Amino acid sequence: MEKRLALQMRGITKRFGPVTANNHVDLDVYQGEILAILGENGCGKTTLMNMIAGIYYPDEGQILIGGQEVLIRSPKDAFDHKIGMIHQHFKLVDLFTAAENIVLGLREKEGYNLKQVNARVAAIAEKYGFHLDPTKKIYEMSVSEKQTVEIIKVLYRGADILILDEPTAVLTPQEITRLFDVIRRMKADGKSIIIITHKLNEVLEVSDRVAILRRGEHIATVNTAETSEAELTEMMVGKKISLDIPRSEPENAQPRLVVEGLNLKSPEGVQVLTDISFTANGGEILGIAGIAGSGQRELLESIAGLQPVESGEIIFHNPKKDKPVTFFHKSMKRVEELGREHAFHDRSGKEVSFEGMHRREIRKWVESGDVLFKEDEIIDIRNKNPLEIRELGIRLSFVPEDRLGMGLVGSMGITDNMMLRSYRKGHAGLLDRKPPRELAEQIIRELEVMTPGISTPVRRLSGGNVQKVLVGREIAFAPKVLMAAYPVRGLDIRSSYTIYRLLNRQKDRGVAVIFVGEDLDVLLALCDRIMVMNGGRVTGIVDARSATKEEVGLMMTRTEKREEEGR
């Protein structure tokens, strides 16, 4: 059976000032197929889809629907041509029901009959296998239910071509499986589905064809069944890169951050965190998994001193310099206590043990001054602001979820953003710009940041480059604890692997890394342990080397604490 073209793009070009986002792109979308769009950050994927959805208008080229050229100047024009886009960030009114959101903005000649709307929404949900109560309020819904509302909204308007932007970014494995089942049903019904995603395993699982963009140009479109992750990556990047995430074994992992019984309420009095307890060890990556809105952001902000907590402890173990054990040589009892509390090592750095040794031998060895130990300084940083934490000598770095709102100042260049950590060192209003400028140049060079110059406002950079600047600045602080919230969200595969390598490098240097992620495959491959959260509670902590994606996914939907080893 011959495939029918649903949409064609011919010679599409879009410029933003001197920057060419898309350059003479040709693309075909067939009726009843799932087409994945792949490419690095800044390659023009979203710009291209926004022209189909009526958000942008092309400078050159044609868009054809059913073989006929059309002009799409607005989202309304797109809907008139049966095109709908489901954005990554939902556009819903929390106080309205699902059905009310779905019909919002539509003009019915005879007015609205909410009972009929509810029935029609329920019929669409049943047809494609959605689970949705049309009368349920948005604020009562899970993330997957909100996404369902957005998809049914465009189906209700008669869309035959659906564009999904990062549809699995905040879903559990079980929810992703259900979404893919729904997408396949829509395909069987003759719908054309275009998916923008960075997850290669999902591309191979659900799509029929894959279109690859590189630097604004269409490189190739291939049949999914005839390609592989390595081939797709090479076409995206232009060269072969390794898709393995290296994970070393933690060496001499020592507690660096201990959280006990942490409770937090929102300004409105809603309980956000309940009895959170865990330990982050130096030389280890602790992953935090959970459905979006489970308290991950609030937890990291509480530790960083950005949110005051109601109760609990946040204890930082600040490592001191090596001390000789000779100070205690007259008290063998104290030496034995130290042996239980700390690791002893000799001056070459090799770890030593007194186990099986006679007391006389231990005393002789201790009196020689060749046995050293590190004694941590115990500091409670609960409800201390970031400046107070820094003044205590604690090296704590935080890469927040909101890159430009909280992490960087969008109107400032890279050099000035580097100075945000050092401007207090200036005297009499004078700042030394040389060190931050050198740091900016180093980050641009080592992390391959694509920017016209160090003075270019960071808001003009792509998301991946903004993230590299932020992560690079925080790592340059030489932290003992590094917290990163969704550091690869929305990043292309090469940028993501750059971030993974940076985190692993910090781990190997003895830093306690706390990594909040949404891709369970990455969490299981990168982390040493994974703490799972749901509804502001810890539902379990597992060994990432032995846990399965399904196990972690189930824990993401649990409401009670699950006792696991490894806390």
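One line per residue, one yes/no per condition, for (1) outside any helix (DSSP H, G or I); (2) at pLDDT 85 or above:
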site	(1), (2)
Leu420	no, no
Asn465	no, no
Gly490	yes, no
Arg494	no, no
Arg505	no, yes
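Restricted to strands (runs of 3 or more DSSP E) entirely inside the range 253-336, those with at least 1 residues that are modelled with pLDDT of 85 or more and basic (Lys, Arg) are 255-265. Mind counting the residues in the range 232-243 that are over 23 Å from the mean Cα position of the chain (by Cα) and surrounded by 16 or more Cβ atoms within 10 Å (Cβ to Cβ)? Matching residues across the range 232-243 total 1. Evaluated against (1) within 26 Å of Glu260 (Cβ to Cβ); (2) surrounded by 21 or more Cβ atoms within 10 Å (Cβ to Cβ), Glu551 falls short on exactly one condition, (2).
Of all residues assigned to the range 174-181, none qualifies as being in a helix (DSSP H, G or I) and in contact with a Phe, Trp or Tyr (Cβ under 6 Å, 6 or more places away or on another chain). Among the residues of the range 388-397, write down those that are surrounded by fewer than 12 Cβ atoms within 10 Å (Cβ to Cβ) and in contact (Cβ under 8 Å) with a residue 12 or more places away in the chain. Gly393, the sole residue that qualifies. Taken together, the residues in the range 148-173 that are outside any loop (DSSP other than H, G, I, E, B) and either in the same structural domain as Gly517 (by TED's automatic domain parsing) or of a type outside the set (Val, Ile, Thr) (or both) amount to 8. Here Gln8 meets each of (1) within 23 Å of Leu232 (Cα to Cα); (2) without any contact (Cβ under 8 Å) to a residue 24 or more places away in the chain with one exception, condition (2).
The values are calculated or read from the model by the stated rules, or taken from the named source; none is laboratory data. Given the structure is predicted, the values throughout are model-derived calculations rather than measurements. No Cβ is skipped: glycine too gets one built from the backbone with ideal geometry, and neighbour counts run over all protein chains shown.
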